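Below you'll find the structure, written out as structure tokens, and then a few comments.
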Amino acid sequence: MSSQDKHPAGTVAPVTDKHSGTAQALHRRAEAAYKNQTAQPPENLAALSPEATQRTLHDLRVHQIELEMQNEELRRIYSELDDERARYFDLYDLAPVGYCTVNEQGLIQQANLTAALLLGMARGALVKRPISRFIVKPDQDIYYLCRQQLINTAEPQACELRMLKHDGTQIWVRLAITAARDSSGAPVLRMALTDVTESKAMATAMQESEARYRTLSEVLQEKNRELSNAKSVAEKASLAKSDFLSSMSHELRTPLSAILGFAQLIESGATPPTPSQKQSLNQILKAGWYLLELINEILDLTQIESGKLSLSMETVSLTPVMQECLAMVEPQAQERGVSVAFSPIEMPYFVQADRVRLKQALINLLSNAIKYNKKDGTVVVDYIVSSPGRMRISVKDTGAGLPPEKLAQLFQPFNRLGQESSTVKGTGIGLVACKRLIELMGGVIGVESTVGKGSVFWIELIRDVAPQLAAGNTLPAERAPQAQGSAPRHTLLYVEDNPANLMLVEKIIEGHPHLRMLSARDGTHGITLARAHLPDVILMDIHLPGISGFQALKILREDPATAHIPVLALSANAMPHDIEKGREAGFFRYLTKPIKLKEFMEALDLALEHAETESDGAVVPGSPR
């Protein structure tokens, strides 16, 4: 029995559109065969026994059921194929990458929906259009080169080029191509188009950013070099300025020392000066001390503004500091008829400050409040806790007050706000230095003024608590002064090359019978005299012919015979770093010129006391060492 015979009547195999014509033809042939069989039954059919006929009918029914089952399986398989085909076309059309098939002539044969959207045309409109029509002309060589490379190597190729959308918009596309053959066996190109416009723009922006960064980096490096050079020049200028100021200080202090020293000697001499001489001496001393004050303030301001001023921050009690300040300004207040009142401090107040610099700032404010006050005016000093952790000290006067335009110029160097022609002496530097000092100590300074009523200058500092003594420590008892009459005879060696300074110290020593003075004009001679006479105290200038005062001190310290002798420096080098350098070198005290008699004698007395305590351990020439 043929396959057509095996299909029972009324059964139809599943067909697709592609094979529908063939299926209909087979159906017609099966219908004709069936009719032929029913019209002409086989001759041997009547000869079959009932059992054989029954068996044949059974086989036919079984075979019919088998064919129906096969037919059902075929329908299921065709349904799955249809589903797979639909999924394939969905994936193809909706893929995130555009797909095109291009024939040998470069014409588009197929394109998915993404490619159509990418190029801005309907999918059907793309068919039979040349792919080169969508490539920017300057980039067409890139495409042809990539295509030729594919033909030569038979390997997949890729390139990036610019393509034109239907509306003329340019886009960057990454084109990946492979070789294939269509259903007829003709060679074709499979193309994958990926829009890389955004990533290309980001890459371009990154390159531009890197270029700008490199440019800015080069500019910054150049600016850094300029700043470094400027800093080097500024440092050299600052060093030259410091050296100049130090030299200027020395040159001014040396003659000033003689002027003030001899004027003080004449004033305190055994023969009192006449009234006329007294008046002249007062003018000399007044002008001399004013000049010294001006030099000191200029040097002080220079150190502050250069950042070289070192502060010793500590916990400072306000009560003793204010008492000391009152003692120092009281003579000035009495002279001008101004009363100074300090508000009572109800409880101990402490601040974080450099004690010496705090006194300097307060004395400046008090001195100004007295100088620029009216006759029989008042100055009131008050203290308040202005905010948590801050302490305010106010100095209120009853002077003329300042208008707003002058307040704005208050902290300018050398600006005396129109007081230059008045009888009140001043430099115009004190307030500037005061402001810088307060700020360096972490504080602030301010002023409130009313014309005709007066001004209130105030400073605010960081509040602190009382310092605590370490366990087991007690305050030392105050030592009673030694009676001068019982002091033994002492020897002072003065090493100085300036005759005027030698003469001045000689005159000072003449007034102290318990002292005798030796002198040397250079450091080498001074060392020789020190070894020969073992003086109790040595007074040493710094700038000496030959070896300096520092070198002479080093030699004396290295010699066991003279190592115990206290050496006082007496120099016109009065810059803070000069004083610090002297202390570090080992001078017992560092005194500056012009000589202040009280300070000089106090330092000399301390050195003599020290010499007495050290004399027992000194090595005497000729004694065994």
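The values are calculated or read from the model by the stated rules, or taken from the named source; none is laboratory data. Everything numeric in this text was worked out from a predicted model, so none of it was measured. Cβ atoms come from the backbone with ideal geometry, glycine included; neighbour counts cover every protein chain shown. What goes into the accessible areas is simple: the full protein's heavy atoms, side chains included, and nothing from ligands, DNA or RNA. Shrake-Rupley method; radii C 1.70, N 1.55, O 1.52, S 1.80 Å.
Evaluation of Gln409 against the conditions (1) out of contact with any Lys or Arg (no Cβ under 8 Å at 6 or more places or on another chain); (2) open to solvent by less than 30 Å² (accessible area, probe 1.4 Å); (3) modelled with pLDDT under 85; (4) not aromatic (Phe, Trp, Tyr) shows that the sole unmet condition is (2).
Just checking, does region 134-152 include any residue being surrounded by 14 or more Cβ atoms within 10 Å (Cβ to Cβ) and not in a helix (DSSP H, G or I)? Checking region 134-152: at least one residue is surrounded by 14 or more Cβ atoms within 10 Å (Cβ to Cβ) and not in a helix (DSSP H, G or I). Cβ separations smaller than 6 Å between residues 6+ apart or across chains give the following pairs from region 500-517 residues that are under 19 Å from Pro535 (Cβ atoms) to residues that are assigned to a loop (DSSP other than H, G, I, E, B): Leu502/Glu496; His514/Ala487; His514/Arg489.
For every residue, the table says whether it meets (1) in a strand (DSSP E or B); (2) at pLDDT 80 or above; (3) surrounded by 13 or more Cβ atoms within 10 Å (Cβ to Cβ).
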| residue | (1), (2), (3) |
| --- | --- |
| Gln64 | no, yes, yes |
| Leu67 | no, yes, yes |
| Glu73 | no, yes, no |
| Arg85 | no, no, no |
| Tyr88 | no, no, no |
| Asp93 | no, no, yes |
| Thr101 | yes, yes, yes |
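None of Gly261, Gly269 is open to solvent by less than 70 Å² (accessible area, probe 1.4 Å), of a type outside the set (Lys, Arg) and free of Cβ contacts under 8 Å to residues at least 60 places away in the same chain except Gly269. Applying the condition of being open to solvent by less than 10 Å² (accessible area, probe 1.4 Å) and under 19 Å from Lys581 (Cβ atoms) to region 543-563 and asking which residue is farthest from the chain's Cα centre (by Cα) yields Leu556.
Quick check on region 164-200: of everything there that is of a type in the set (Gly, Ala, Ser) and within 17 Å of Leu117 (Cα to Cα), which residue is surrounded by the fewest Cβ atoms within 10 Å (Cβ to Cβ)? Looking at residues that are of a type in the set (Gly, Ala, Ser) and within 17 Å of Leu117 (Cα to Cα), I get Gly168.
The condition (being among the aliphatic types (A, V, I, L, M) and either at pLDDT 95 or above or closer than 17 Å to Cys100 by Cβ (or both)) is satisfied by just one residue among Ala154, Ala179: Ala179. If you check Asn364 against the conditions, is it closer than 17 Å to Arg436 by Cβ, in contact with a Phe, Trp or Tyr (Cβ under 8 Å, 6 or more places away or on another chain) and surrounded by 16 or more Cβ atoms within 10 Å (Cβ to Cβ)? No.
Looking only at region 141-174, residues that are of a type outside the set (A, V, I, L, M) and in contact with a Cys (Cβ under 6 Å, 6 or more places away or on another chain) come to 3 in all. A single entry from Ala203, Ala211 fulfils the requirement of being outside any loop (DSSP other than H, G, I, E, B), surrounded by 12 or more Cβ atoms within 10 Å (Cβ to Cβ) and without any contact (Cβ under 8 Å) to a residue 12 or more places away in the chain: Ala203. In this structure, Glu506 does not satisfy being in contact with an Asp or Glu (Cβ under 9 Å, 6 or more places away or on another chain) and modelled with pLDDT of 85 or more.
Scanning for something of a type in the set (A, V, I, L, M) and outside any helix (DSSP H, G or I), does region 545-560 turn up at least one residue? Walk me through it before giving the result.
Within region 545-560, the subset of a type in the set (A, V, I, L, M) is 547, 552-553, 555-556.
Keeping just the survivors that are outside any helix (DSSP H, G or I) gives 547.
Yes, region 545-560 contains at least one residue that is of a type in the set (A, V, I, L, M) and outside any helix (DSSP H, G or I).
Restricting the search to region 114-133, which residues are aliphatic (A, V, I, L, M) and assigned to a helix (DSSP H, G or I)?
We begin by selecting, within region 114-133, every residue aliphatic (A, V, I, L, M); these are 115-119, 121-122, 125-127, 131.
Ala115, Ala116, Leu117, Leu118, Leu119, Ala125, Leu126, Ile131 - these are the residues of region 114-133 that are aliphatic (A, V, I, L, M) and assigned to a helix (DSSP H, G or I).
Give the residues of region 564-603 that are modelled with pLDDT of 90 or more, open to solvent by 20 Å² or more (accessible area, probe 1.4 Å), part of a loop (DSSP other than H, G, I, E, B) and on the phi < 0 side of the Ramachandran plot, sorted by residue number. Of everything in region 564-603, those that are modelled with pLDDT of 90 or more, open to solvent by 20 Å² or more (accessible area, probe 1.4 Å), part of a loop (DSSP other than H, G, I, E, B) and on the phi < 0 side of the Ramachandran plot turn out to be His564, Phe588.
The listed residues are Leu216, Leu256, Leu252, Leu265, and the only one of them that is over 47 Å from the mean Cα position of the chain (by Cα) and assigned to a helix (DSSP H, G or I) turns out to be Leu265.
Can Tyr383 be described as modelled with pLDDT under 90, open to solvent by less than 40 Å² (accessible area, probe 1.4 Å) and over 18 Å from Glu439 (Cβ atoms)?
Yes, satisfied.
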